[in-house]
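Have a look at the structure below, then the notes.
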Amino acid sequence: MQIFEIKKADIAKIKKLEEALDKLKSGEERYYVITKLSSIKSLCKNETLRRHYCWYLFDCVKRQLETKVTEVHQQTPKEQFIFNLVHEIAQVMVDMQEGKDVSNALHKHRNQLAHYQSDYKKIKWTTVRLIKSTDLLIIEYFIDCLLSTDDSAQKLAYHATRSYVERYDPSVGTGLITKSIPMFEDVAVFWRQVAFNNSYRVQ
């Protein structure tokens, strides 16, 4: 098993995420602003740990996507494209974990994802990207994160997490809400293992 050295300050951040999740589960809280997840940026400072996080959360997104896609013989062309593309990317992720050079494949799939959602619309004084699939946007963030080695990689890990967990309810608005719990739990599971599993070292 991979060994990471986790700072006490980072363990405190992970505990705060756990506390927020517990309060949503118990009903003590119904809403948190999405920036509650901003600690993901500093938690993902270590490149190796960040890669493991991307691989793990990619599998969560893939699983979520698969529950939305119908049986192969009943798929629409759009569903077929998404299904095939995600499974191709999944193999690249496996190859990367095995230590293979997958940079060309990652660039190729990143371009495919960007092209699939390349429509923009001008709204007032700004231009907004039109997103057909949030799941594919999250995967695009993961790939960008895996291709980056500077500070932007930490921000991309945060944006991927934010897009995965954030939900909307007319009674409370957009943010970390009751509907976010299953996705928030996925995020917490990873960091819980990093912080509290006996196989990891704490410094």
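No value in this document is a laboratory result; all are computed from the given coordinates. Here the structure is a predicted model, which means the values were calculated and not measured. Using ideal geometry, Cβ is built from the backbone for each residue, glycine included, and neighbour counts are taken over all protein chains shown.
Just to be sure I understand, how many residues within the range 17-51 are part of a helix (DSSP H, G or I) and in contact with a helix residue (DSSP H, G or I) (Cβ under 8 Å, 6 or more places away or on another chain)?
Pass one, the range 17-51, residues part of a helix (DSSP H, G or I): 17-26, 34-37, 39-43, 47-51.
Adding the requirement that they be in contact with a helix residue (DSSP H, G or I) (Cβ under 8 Å, 6 or more places away or on another chain) leaves 17-18, 20-21, 24-25, 34, 36-37, 39-43, 47, 49-51.
Matching residues across the range 17-51 total 18.
In the range 1-26, which residue that is surrounded by fewer than 13 Cβ atoms within 10 Å (Cβ to Cβ) and touching a residue at least 40 places away in the same chain (Cβ under 8 Å) is farthest from Leu106 (Cα to Cα)?
Among residues in the range 1-26 that are surrounded by fewer than 13 Cβ atoms within 10 Å (Cβ to Cβ) and touching a residue at least 40 places away in the same chain (Cβ under 8 Å), the one farthest from Leu106 (Cα to Cα) is Lys8.
Looking only at residues that are of a type in the set (Lys, Arg) and under 30 Å from Phe4 (Cα atoms) in the range 48-107, which one is farthest from the chain's Cα centre (by Cα)?
Within the range 48-107, the match that is farthest from the chain's Cα centre (by Cα) is Lys100.
Please enumerate the residues belonging to the range 148-182 that are in contact (Cβ under 8 Å) with a residue 12 or more places away in the chain, of a type in the set (S, T, N, Q) and either closer than 18 Å to Ser133 by Cα or in contact with a Leu (Cβ under 9 Å, 6 or more places away or on another chain) (or both).
Gln154, Thr161, Ser163, Thr174, Thr178, Ser180
Report whether or not Val92 is β-branched (Val, Ile, Thr), touching a residue at least 12 places away in the same chain (Cβ under 8 Å), surrounded by 15 or more Cβ atoms within 10 Å (Cβ to Cβ) and under 21 Å from Tyr53 (Cα atoms). Lay out the reasoning, then the answer.
Numbers: β-branched (Val, Ile, Thr): yes; touching a residue at least 12 places away in the same chain (Cβ under 8 Å): yes; surrounded by 15 or more Cβ atoms within 10 Å (Cβ to Cβ): yes; under 21 Å from Tyr53 (Cα atoms): yes.
It is true that Val92 is β-branched (Val, Ile, Thr), touching a residue at least 12 places away in the same chain (Cβ under 8 Å), surrounded by 15 or more Cβ atoms within 10 Å (Cβ to Cβ) and under 21 Å from Tyr53 (Cα atoms).
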